[in-house]
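Encoded as structure tokens, the structure appears first; notes follow it.
What follows is calculated from the coordinates using simple rules that are stated; it is not laboratory data. These numbers come from a predicted model, not from an experiment. Heads up, the Cβs are rebuilt from the backbone with ideal geometry, glycines too, and the neighbour counts pull from every protein chain shown.
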Amino acid sequence: MSTQNVPQNTTHTPPKPTDTNLEENRWVVRLEELLKVKNLEDLKSELTKVATEIQTEIQSFDINEHLSPEAKSRLKKLEQRYNEVMRGVQKAQKQFDREFNKSLRVLKRTRQDAEKQIKMLKTKVTKHRSTIVKASNNLKKKVAKTAKTAKKATKSRKPKKATVKAKTKKVSKL
């Protein structure tokens with residue numbers, strides 16, 4: 001157990017980076033660069049660069065390269081199931097749209113019919129109102145005319161005085 005033969009290494013050398021470690025290290029370096037930026041404009045430009053870089057990576061990323069054959073078959077089945085579900089949803093949406101539009105048409109037609117009925121009723125009411133007003137005016141005129149003639153007739157007549165004979169006759173009838 002001699003430690004004299006083992007050279008002492010003061011600097012730590014990291015293990016060879018794998019593909020994922022390379023990716024992580026690259027992003028860590030980019031983040032550190034962003035943290036060092038002091039100027040707002042430089043920070044904006046750096047963020048824009050990073051955003052475009054991320055977009056290109058996302059677009060060029062192929063998931064099939066990283067999947068096992070078993071996972072690929074499961075993914076294919078999931079995609080098929082997703083497509084079936086989406087077709088069902090689209091069918092249901094079309095059916096709903098048809099029924100909704102049909103109900104909307106019926107509702108509009110019913111509204112139009114109701115508006116026509118209301119309009120006809122309003123015209124009938126106004127006609128009846130005008131005939132009632134005319135009849136009322138005619139009655140008022142007749143009543144006013146008869147009241148005038150009755151007033152004239154009562155003024156020209158003098159009331160009769162009761163006679164003594166009439167009173168005695170009433171007594172004898174008893």
**Item:** Computed label-point distance, nm, for sites Ala71 and Ala92 using a 7 Å Cα→Cβ extension
**Value:** 3.1 nm
**Item:** Net lengthening on full extension, Asp113/Val37 (0.36 nm per residue, minus Cα-Cα)
**Value:** 20.2 nm
**Message:** Suppose R0 equals 30 Å. What FRET efficiency, 1/(1 + (r/R0)^6) with r the Cβ-Cβ distance, do Ile63 and Val85 give to the nearest 0.05?
**Reply:** 0.90
**Prompt:** Which GluC sites (Glu not before Pro) from region 60-133 combine a DSSP loop assignment with at most 11 other Cβ atoms within 10 Å?
**Reply:** none
**Prompt:** How far, in nm, would the chain grow between Val29 and Thr149 when pulled straight, counting 0.36 nm per residue and subtracting the alpha carbon separation?
**Reply:** 31.4 nm
**Message:** Can you compute the charge dipole magnitude of region 19-61 about its Cα centre, using +1 on each Lys and Arg Cβ and -1 on each Asp and Glu Cβ, nothing else charged? Give it in debye, rounded to the nearest 20.
**Reply:** 200 debye
**Request:** Compute log10 of I(q)/I(0) for region 19-61 with the Debye formula, placing one identical point scatterer on every Cα and leaving out solvent, at q = 0.27, 0.30 Å⁻¹, to two decimals.
**Result:** -0.99, -1.06
**Stretchable slack from Thr56 to Asn137, in nm (0.36 nm times residue separation minus alpha-carbon distance)** = 20.1 nm
**Of Val28, Leu47, Phe61, farthest towards positive along the dipole that unit charges on Lys, Arg, Asp, Glu beta carbons give region 19-61** = Leu47
